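Here's the structure, in structure tokens; my notes come after.
Values quoted throughout were computed directly from the atomic coordinates according to the rules given, and no laboratory measurement underlies them. Keep in mind it's a predicted model, so treat the numbers as computed, not measured. Don't worry about glycine lacking a Cβ; one is built from the backbone with ideal geometry, like all the others, and counts go over all protein chains shown.
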């Protein structure tokens, strides 16, 4: 016989001891790898290696294989993160015929950031309005929101990474025939009815109480407000970043009908994470962002949808 009974029993004992130690390692690796608490992992590794060295060759090989499986398992079985979104073309696009989710931010997060974070993205079934997304975060139905600027209300329930993926100028759109040429103070636009989205971010300039908004609560308020602007129901429409206007104007061939006036402010867009989800997600996002050179990569992806020289 190749193995006698004592060898087999000792091997089984070593295998089970090693297996339980490896389970410990797997848990600590998931929990502490991103916090760089390597001394804890090293202690577990040393315990496993001591067990392995006491075993026979076949069991060394077996335990080593299980050990390596434990190391790669966080990536083979990445944690799932539920991500909500609203339509914010060109960052987030839902193709009307196929209902396929696409856009610059979708591609950036799913194909580049998520793999580096070690997560699997579980997209919401449909695009929802901002008020609905905030309620889903509060009710623990979402772990992350794909496109959010930062304000005090949101910061109470969301963890923001240090790195925004995009920064742009707040912009108002007018019909070409409107007499306005520049905007220097809120007085310049007081008395105008300006289309925007309910609960959407307002830059400091646009928070002046003299400014009047027509707020809609739909997953694609840009499209809804654009229709109102073109039919004369609103005097203007607002977006906290210029890219959306450039995309819609190009898509609908409206360059000859609409003019844009931007402010000197900067608004930054983030992918944000629920405070009730894993606390390390925002930190891991920042590490992934740095690894993929996120700022330059995002502009490169965005250039598929618009002329970035017009931003």
What does the extension gain come out to for residue 97 and residue 162, with contour length at 0.36 nm per residue minus their alpha carbon separation?
19.8 nm
Modelled FRET efficiency - R0 41 Å, residue 286 with residue 255, Cβ distances, 0.05 increments:
0.65
Placing each pseudo-label 7 Å from Cα in the direction of the beta carbon, residue 175 and residue 231 end up separated by a distance in nanometres of 1.3
According to a simple spin-label model (label point 7 Å from Cα along Cα-to-Cβ), what is the distance in nm between residue 265 and residue 153?
1.5
Quick check on the stretch 168-267: of the DSSP beta bridges with both residues there, what percent are antiparallel, nearest 5%?
55
Cα centroid of the stretch 83-134 to Cα centroid of the stretch 153-198, whole Å
22
What is the packing order of peptides 192-200, 83-91, taking the mean over residues of other C-beta atoms within 10 Å and listing the highest first?
83-91, 192-200
In which sequence would 112, 178 go, from the one with the fewest C-beta neighbours within 10 Å to the one with the most?
178, 112
Label point distance in nm, residue 125-residue 79, each placed 7 Å from Cα along Cα→Cβ:
2.5
Final fewest-first order of 247, 285, 160, 298 on the 10 Å Cβ neighbour count is 160, 247, 298, 285
Sort 212, 182, 128, 218 by Cβ crowding within 10 Å, fewest neighbours at the top.
182, 212, 218, 128
Share antiparallel - DSSP beta bridges, the stretch 65-207, percent rounded to 5:
30
